[in-house]
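Enquirer: First the structure, which I've put down as structure tokens, then a few questions once you've had a look.
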Amino acid sequence: MRVLFAGGGTGGHINPAISIADYAKSRDSEFEALFIGTKSGLETKLVPNAGYDIKYIDIAGFDRKNMLKKLASSRSACRRIIREFRPDCVVCTGGYVSGPVAMAAYKEKIPALIHEQNVYPGLTVKGSEKYVKDLALSFYETVNLMKHKEKCVVTGNPIRPEVLAADRDAARKALGIKGNFVLIFGGSLGADRINETVIAMLPMFKAAKNVKLLFGTGERNYEKVLTAALEQGIMPDDKMIEIVPYINNMADVMAAADVVVSRSGAITVSEIAALAKPAILIPSPNVVRNHQEQNAREIERAGGAEVITEAELSADELYSRIMKMIDNKKYLESMSANLKKIAKTDALEQIYDLMLDMAG
């Protein structure tokens with residue numbers, strides 16, 4: 001099967017496409033993939049690093065004045081790529097690039113699907129509805145927000161195999177964790193507001209002595225946070241407070257955690273649900289249509305997380321919430337049970353089946 005993938009801009013759009021491609025490759029020895037992206041997004045690094053070819057079009061960051069002209073040009077470029085690659089089907093995972101690819105596939109009579117990671121569908125997904133065969137959604141609530149409900153299939157978000165395979169007991173043994181363990185991170189780039197709050201909480205964690213903290217600062221803020229920690233007498237070799245720029249073994253540390261504190265990007269909340277990890281979610285307010293808060297509220301309504309908005313966030317509030325959860329094991333157990341009820345862990349299989357159906 002030959003598949004053309006379109007997704008770009010952020011890791012939230014690109015990584016699902018790569019996960020789908022990897023899964024398809026594991027199932028089909030003759031599988032071939034080509035990605036379409038832009039030169040301004042993370043796909044320039046992530047896609048080649050994953051071992052896939054990519055072609056670029058000029059679409060990201062266009063202004064309204066030149067929107068139609070730019071869209072027409074990028075759509076023509078996509079049609080040329082489709083004619084050259086001759087895919088059996090097209091898989092779009094969001095971002096500016098998905099729109100013209102979906103339109104071009106429709107014109108070339110190549111069946112396509114588009115996957116929406118968040119609760120609230122983005123403009124690209126809503127604009128591509130009529131051009132695709134299937135709308136693969138991550139949340140049931142999203143169906144009510146789509147015009148073409150007959151095309152909707154609730155697959156969930158693609159979850160990395162290493163996350164699904166992670167085991168709490170094995171992870172805790174490998175990491176040397178015996179007591180309470182809290183994981184806090186703000187994404188690969190970090191989150192200034194979360195970092196500032198955790199810096200203010202460090203003396204509280206040091207005084208507690210019964211909770212191990214792993215804090216991922218993001219690459220750009222690591223030195224700043226480390227300096228602030230040193231000023232508070234927290235040494236880099238502190239056994240109970242570990243501060244790192246980036247968490248490379250996220251599947252294991254998330255599996256080992258008693259409580260996870262994070263942003264509420266679509267993939268993050270899906271992995272939290274898959275691992276049944278009680279969470280405190282701090283949505284980023286700096287995203288289109290406030291979709292992170294919508295993601296977080298969906299998990300909160302299910303009873304699997306507590307939500308703190310940035311307006312409500314303070315060191316005292318966050319620390320108090322963490323400790324109340326740590327001290328109430330029955331509450332943590334009920335949150336885990338609630339997350340297991342809503343977790344969707346077979347998205348890759350479902351999306352692959354849709355691809356097979358499109359490819360005939």
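The values are calculated or read from the model by the stated rules, or taken from the named source; none is laboratory data. From a predicted model like this one, the values you see are computed outputs, not experimental measurements. No Cβ is skipped: glycine too gets one built from the backbone with ideal geometry, and neighbour counts run over all protein chains shown. For accessibility, only protein heavy atoms count, side chains too; no ligands or nucleic acids. Shrake-Rupley method; radii C 1.70, N 1.55, O 1.52, S 1.80 Å.
Enquirer: Is it the case that some residue within region 24-41 is at pLDDT below 95 and surrounded by fewer than 19 Cβ atoms within 10 Å (Cβ to Cβ)?
Expert: Checking region 24-41: at least one residue is at pLDDT below 95 and surrounded by fewer than 19 Cβ atoms within 10 Å (Cβ to Cβ).
Enquirer: Another question, then. Would you confirm whether any residue within region 7-16 is buried (at least 19 other Cβ atoms within 10 Å of the Cβ) and either modelled with pLDDT of 95 or more or farther than 30 Å from Ile299 by Cα (or both)?
Expert: No - not one qualifying residue is present in region 7-16.
Enquirer: Only one of (1) under 25 Å from Ile14 (Cα atoms); (2) surrounded by fewer than 22 Cβ atoms within 10 Å (Cβ to Cβ); (3) in contact with a helix residue (DSSP H, G or I) (Cβ under 9 Å, 6 or more places away or on another chain) is not met by Glu317, so which one is it?
Expert: (1)
Enquirer: List pairs: first residue in region 316-334 and more than 18 Å from Ala276 (Cα to Cα), second residue part of a helix (DSSP H, G or I) and open to solvent by 40 Å² or more (accessible area, probe 1.4 Å) anywhere in the structure, Cβ distance under 7 angstrom, at least six positions apart or on different chains.
Expert: So the pair list comes out as Tyr319/Met204.
Enquirer: Would you check which residues across region 223-233 are touching a residue at least 24 places away in the same chain (Cβ under 8 Å) and either of a type outside the set (A, V, I, L, M, F, W, C) or surrounded by fewer than 20 Cβ atoms within 10 Å (Cβ to Cβ) (or both) and list them?
Expert: Matches in region 223-233: Lys224, Ala228, Gln232, Gly233.
Enquirer: Within region 239-259, identify whether any single residue is surrounded by fewer than 16 Cβ atoms within 10 Å (Cβ to Cβ), within 19 Å of the chain's Cα centre (by Cα), free of Cβ contacts under 8 Å to residues at least 40 places away in the same chain and more than 23 Å from Asp169 (Cα to Cα), and answer yes or no.
Expert: The answer is no, given that none of the residues of region 239-259 is surrounded by fewer than 16 Cβ atoms within 10 Å (Cβ to Cβ), within 19 Å of the chain's Cα centre (by Cα), free of Cβ contacts under 8 Å to residues at least 40 places away in the same chain and more than 23 Å from Asp169 (Cα to Cα).
Enquirer: Residue under question is Asp346, and the condition is that it be under 22 Å from Arg168 (Cα atoms) and acidic (Asp, Glu); does it hold?
Expert: Details: under 22 Å from Arg168 (Cα atoms): yes; acidic (Asp, Glu): yes.
The answer is yes for Asp346.
Enquirer: Considering only helices (runs of 4 or more DSSP H) fully contained in region 113-216, which possess at least 1 residues that are open to solvent by 30 Å² or more (accessible area, probe 1.4 Å), of a type in the set (A, V, I, L, M, F, W, C) and under 24 Å from Tyr352 (Cα atoms)?
Expert: Answer list for region 113-216: 161-165.
Enquirer: Further question on the same structure: Output the number of residues of region 324-348 satisfying the condition of being assigned to a helix (DSSP H, G or I) and open to solvent by less than 60 Å² (accessible area, probe 1.4 Å). Please lay out each step first, then the result.
Expert: Restricting attention to region 324-348, the residues satisfying the condition of being assigned to a helix (DSSP H, G or I) are 324-326, 329-342, 347-348.
So of that shortlist, the ones also open to solvent by less than 60 Å² (accessible area, probe 1.4 Å) come out as 325-326, 332, 334-339, 347-348.
Result for region 324-348: 11.
Enquirer: Inspect region 154-164 for any residue being in contact (Cβ under 8 Å) with a residue 60 or more places away in the chain and touching a Phe, Trp or Tyr at 6+ places or on another chain (Cβ under 6 Å) and give the result as yes or no.
Expert: yes
Enquirer: Quick one: Thr217 ticks every box in (1) more than 30 Å from Ala17 (Cβ to Cβ); (2) without any contact (Cβ under 8 Å) to a residue 40 or more places away in the chain except a single one, so which number is it?
Expert: In the conditions (1) more than 30 Å from Ala17 (Cβ to Cβ); (2) without any contact (Cβ under 8 Å) to a residue 40 or more places away in the chain, Thr217 misses (1) alone.
Enquirer: Turning to a different aspect of this structure: Could you tell me how many of the residues in region 42-60 are outside any loop (DSSP other than H, G, I, E, B), open to solvent by 20 Å² or more (accessible area, probe 1.4 Å) and farther than 21 Å from Pro111 by Cβ?
Expert: So the answer is 8.
Enquirer: Hey, another quick one. When only residues in region 271-291 that are within 13 Å of Gly12 (Cβ to Cβ) and at pLDDT below 95 count, which is surrounded by the most Cβ atoms within 10 Å (Cβ to Cβ)?
Expert: His291
Enquirer: Is there a residue in region 175-184 that is under 16 Å from the mean Cα position of the chain (by Cα) and modelled with pLDDT of 95 or more? Step through it out loud before you land on a result.
Expert: Of all residues in region 175-184, those under 16 Å from the mean Cα position of the chain (by Cα) come to 184.
Adding the requirement that they be modelled with pLDDT of 95 or more leaves 184.
Yes, the conditions are met somewhere in region 175-184.
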